[in-house]
Every structure is written in structure tokens, then in C-alpha cells.
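Working notes, structure below.
The values are calculated or read from the model by the stated rules, or taken from the named source; none is laboratory data. Values in this document were obtained by computation on a predicted structure and should not be read as measured data. When we count neighbours, we look across all protein chains shown, and the Cβ atoms used for this are built from the backbone with ideal geometry, even at glycine. We work out accessible area using only protein heavy atoms, side chains counted, and drop any ligands, DNA or RNA first. Shrake-Rupley method; radii C 1.70, N 1.55, O 1.52, S 1.80 Å.
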Amino acid sequence: MGKEQIEVLNALDVAKTQWYHFTAIIIAGMGFFTDAYDLFCISLVTKLLGRIYYHHDGAEKPGSLPPNVAAAVNGVALVGTLSGQLFFGWLGDKLGRKKVYGMTLMLMVLCSIASGLSFGRDPKTVMTTLCFFRFWLGFGIGGDYPLSATIMSEYANKKTRGAFIAAVFAMQGFGILAGGIFAIVISSVFKSQFSAPAYEVDPLGSTVPQADFVWRIILMFGAIPAAMTFYSRSKMPETARYTALVAKNTEQAAKDMAKVMQMEIGVAPKREEEQAQPHQFGLFSKEFFARHGLHLLGTCSTWFLLDIAFYSQNLFQKDIFTAIGWIPPAKTMNALEEVYRIARAQTLIALCSTVPGYWFTVAFIDRIGRFAIQLMGFFFMTVFMFALAIPYDHWTHKENRIGFVVMYSLTFFFANFGPNATTFVVPAEIFPARFRSTCHGISSASGKLGAMIGAFGFLYLAQNQDKTKTEAGYPAGIGVKNSLLLLGVVNILGFLFTFLVPESNGKSLEEMSGENEEEETKA
């Protein structure tokens, strides 16, 4: 590696924490705020969609989405996210982080708005439109994962890099919180304007026509935070590491960084012989697999296993709340009341366990390291899953509900003060700059694969073993108790696979990725 390159990158590694670090966290973090809002706000409105579009006259319970529709509405954004992570991750290494960054945001803004507009009024066209735009919304969100992580890791200094990347990811917690709060506000406003009886009193009258606006407003609101950061994103310079190590333009890298860091970085002009590019190994080469193969397996497997557990819990919070009686039976409420209750429960969980968990990671990641936090998180998630599952019948009694919710919140807390944050941080630190965004995309796409298994596997598995007690249209499952036991086993596997991932705490990116040695062997 040329002396000038090292000088630019060293300047970044030892830079004092400055204002530009915080603006980068906010700009990258707002993307994540929007991602979480968009991905999780759907769980606030699925019950409402069922009531509006799948009402059956004379049915004892309010309408609900048929299993295939529920799976499509919940899952299509995850499929989009997975595709976006792979595509934009690869593109971020090809075209540069900055160019691709604006594209993903624009896609998110347009598709947030479009998913709240539907062609036609019958259930089929409304759901098809919703699914189509949720897929492309997911595609944009997917691009945000590798790009935000890579940009933040390449901007940060050595000492606080973990906290900065984790802080970007922690904005997810605020996104989930904002979704819940916004849904509470909107449903309260509509509830006070349009009063309606409970479903059991008047099935048809319990869903006022105006309820159709509620889910649309909730989904479209996600466009606002994304649109607000679009201008700032377009003004961010390309990261110095991409410019110096991938585009091989050390002068430009020094200029960009001198501007944001308000300090002089000296660079000698390029000499002719330095401009000849030495051969570098490719992503699918033997050398890549020898150096980084196990690392990639480690980042992919741990993220995959974590998301099985994380998404199976997150998307079905509302079902768990109903099971323990935090949300009364659907027929005792009108449509808007139900949205309000679901949103309130989700907000409480986010406030008490999701948000604090993320910020605990931010506070401790550079002190105790990524590895320790990830192991600890998987360990406690296993403990609390088993503590919920083994005496499951005990928790279903009315007097033990609060205990159940506390245990359930703790599994969430340790997912976020644990592997949910570290699996995002580590892939942005341990791979060479020219593959960094691609490898992060592959790792996060493995996570989304796990999310799909968690979301849909759990939906079917958690059904009652007695066919007569399952939700409409579902086959008999293995029950909630056995599903939780299974998730405990998944967490044990996550704990074991963590041993494949190296500790990157306090080391420079070039040291972690082996780019220093790579260049030295050529010299």
C-alpha cells in the first residue's frame, strides 16, 4: 500500500470524533429509521386490512387475511429486501457507495407513497398493488443495509468505529417506536371523529368506511423521513477508503477528507509506475476463500440464525399479546380500537426493551468488543426462550401474564444488546474495501432468508396442535410452546457459529481485512 494511501487512512483511523461523524450517523441512520418503520408498520395494520377487505357476513369473528394473503403481505417486503441487499451490495463496490446511496433512498420514498395508494377497490387488486410496491420498497431498504454500514465503517475512526456503526443500526429502534406512536395518534384521531360499536354488537358498523384511510396514512408516512435526508445524502463525499483503495485515487481521497475533517492531509502526486494496477484476487477466488471464507460463513450463519429468532418474535408480537390477554378478543373491539391496542402494545415493547438494547450495544461495543456482546446475546436469548417455553402453560394463566411479558421483553433486549447489532457491524469491518459492500450484502441477505423462515415458519408452526383450534385456513402446527423450544435451539447454534467470526475491536479496517499484507506481498 502506497505511503500516501496509508497517510489518508491513518488520518481517518486516528481522527478525533468530530461533527462530521455525527452528521454521517444521522444521514445514514435516518435511512435505517425509515427501513424499520416501513418493515414493521405492516404488522400494525394487517388486522385492519382483514376487517376491511375480508369481512364475512354472519361470521363470529372479524374478517382476517387468508393465510396466503397474510404471508404475501408480510413477506413480500422481506423478499424485496433480500434481493436489494445482494444487488445494491454488489453495485456499491462497483460504482461507489455515494452514487448508489441516493438511488436506494429515492426508491424507498416513491414506494412508501405508492404502497398506500391502490388500484381498484376489491380485495384482490388492493392486496396485489400493496404487495407489488412493498416488494420494491423492500428492494430499496435492502440496499440501505450494506451501504449504510460500509459508509459508516469507512468514515469512522478506529477507536469508536463499533459505536458509530451500531448507532446507525440503533436508529431502527426509533423507527419501530415511531411506527407505533404514529399509529396510536392516527387511530386515536379517527376513533374520536368516527365512533363505532364493537364487532359483536354490529359486525358491519364496527369498521367505519374511513378506516380505509388509516392504514394508507400509516404506510405512506414512511416516505417523509427518507425524503428529508435525500439532499444531505447527495452532498456526502465518497468515502476516502473507496476512493483510495478501490478507485485508486489517493489525491481525491485526501481532498475529500481534508474538507470534512478540516485538516491538511499531504499527498504526493502519482508517479507513472504506481499507476499500473497490480493484479488483485477476485471475490470467488481460492485466495478469497482461504483468507475470508470462514469469516463470510461466520457472518452469514450467525445473521441467518439470529433473524429466524428475531423476526418470528417481532412480526407476531400482536398474536402473543392476544394469547396473554394484553389485547382483548377481536370481536369485543371495533376496527380502530384494535389498531390502537396493537400499536400501544408494540410501542411499549419497543420503549422498554428494543430501544434500550440497541443503545447498550452502542455504549459497550468498543469497550468489551463485538465477540463478547454477540456470545452474551445468544446465550441469554437461549436462556429466556427456554424459560418461556418449558413452563409455557404456567405463563398462559391470567395472573402470570406480566411475568411472561417481562421474559419476552428480555429476549428482545438481549437480541439488540447482542447479535442483532453485532451481525450488522462486523461484516462492514472484516472484508477488503473492494468486497466490503458485497460481503455485507451477502451476510445481510442470509439474515433476511432467516427472517423469512422465522416469519412464515413460525406463523404455521405456532398454530395449535388441535386442528379445530387453529386460525382460519391454517393447518395444525406444533403449538407456541414447541415453537419457542425450537427457537431456543436456533439460538444455541448462533452461539456456536459466533466462534467463526474474528474480533475487530480497536483494529484498523486494513489490518482486519488483510489489505496491508496484500499490498506488501506485491511491493
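Structural remarks
- Among the candidates Phe169, Phe221, Phe194, Phe174, residue that is of a type in the set (Phe, Trp, Tyr) and surrounded by fewer than 19 Cβ atoms within 10 Å (Cβ to Cβ): Phe194
- Flag for Ile184 being of a type outside the set (Asp, Glu) and under 17 Å from the mean Cα position of the chain (by Cα): no
- Set side by side, the residues Gly96, Gly92 differ, and just one is open to solvent by less than 10 Å² (accessible area, probe 1.4 Å), over 22 Å from the mean Cα position of the chain (by Cα) and under 25 Å from Phe164 (Cβ atoms), which is Gly96.
- Neighbours by Cβ (under 6 Å, 6+ apart or cross-chain): first from the range 401-424, modelled with pLDDT of 85 or more; second among the charged types (D, E, K, R) and buried (at least 23 other Cβ atoms within 10 Å of the Cβ): Thr422/Arg370
- Search result, residues across the range 401-443 that are among the hydrophobic types (A, V, I, L, M, F, W, C), more than 28 Å from Ala363 (Cα to Cα) and open to solvent by 30 Å² or more (accessible area, probe 1.4 Å): Ile402
- Selection status of Val185, more than 30 Å from Gly506 (Cβ to Cβ), out of contact with any Lys or Arg (no Cβ under 6 Å at 6 or more places or on another chain) and open to solvent by 10 Å² or more (accessible area, probe 1.4 Å): yes
- If you go through the range 146-166 and keep only what is under 14 Å from Val362 (Cα atoms) and either open to solvent by 10 Å² or more (accessible area, probe 1.4 Å) or more than 24 Å from the chain's Cα centre (by Cα) (or both), you end up with Lys159, Thr160, Ala163, Phe164.
- Within the range 33-52, the set of residues being open to solvent by 30 Å² or more (accessible area, probe 1.4 Å) and of a type in the set (Phe, Trp, Tyr) comprises just one member, Phe33.
- Extreme residue, farthest from Thr243 (Cα to Cα), among residues of the range 89-108 that are among the hydrophobic types (A, V, I, L, M, F, W, C) and touching an Asp or Glu at 6+ places or on another chain (Cβ under 8 Å): Met108
- For the criterion of being more than 29 Å from Pro203 (Cα to Cα) and open to solvent by 20 Å² or more (accessible area, probe 1.4 Å), Phe87 passes.
- Unmet criterion (only one of (1) under 27 Å from the mean Cα position of the chain (by Cα); (2) more than 30 Å from Val73 (Cα to Cα); (3) at pLDDT 80 or above; (4) open to solvent by less than 10 Å² (accessible area, probe 1.4 Å)) for Ala240: (3)
- Qualifying residue in the range 22-32 (condition: open to solvent by less than 10 Å² (accessible area, probe 1.4 Å), of a type outside the set (Gly, Ala, Ser), at pLDDT 85 or above and closer than 23 Å to Thr160 by Cβ): yes
- Elements of the type helices (runs of 4 or more DSSP H) sitting completely within the range 136-239 and holding at least 2 residues that are free of Cβ contacts under 8 Å to residues at least 12 places away in the same chain and not hydrophobic (A, V, I, L, M, F, W, C): these cover 230-235.
- Among the criteria (1) over 21 Å from Ile217 (Cβ atoms); (2) at pLDDT 90 or above, the one Lys158 does not fulfil is (2).
- Unique residue being part of a helix (DSSP H, G or I) and within 19 Å of the chain's Cα centre (by Cα) when the list is Asn74, Asn68: Asn74
- Test: residue in the range 89-101 that is in a helix (DSSP H, G or I), within 25 Å of Phe456 (Cα to Cα) and among the aromatic types (Phe, Trp, Tyr): no
- Pick from the range 461-475, criterion assigned to a loop (DSSP other than H, G, I, E, B) and open to solvent by 50 Å² or more (accessible area, probe 1.4 Å), ranking: modelled with the lowest pLDDT: Ala472
- Exactly one residue among Ala77, Ala71 is of a type in the set (Gly, Ala, Ser) and at pLDDT 85 or above, and that residue is Ala77.
- Residue in the range 243-255 that is farthest from the chain's Cα centre (by Cα), counting only those that are on the phi < 0 side of the Ramachandran plot and of a type in the set (D, E, K, R): Glu251
- Residues (surrounded by fewer than 17 Cβ atoms within 10 Å (Cβ to Cβ) and within 20 Å of the chain's Cα centre (by Cα)) located in the range 360-400: Ala363
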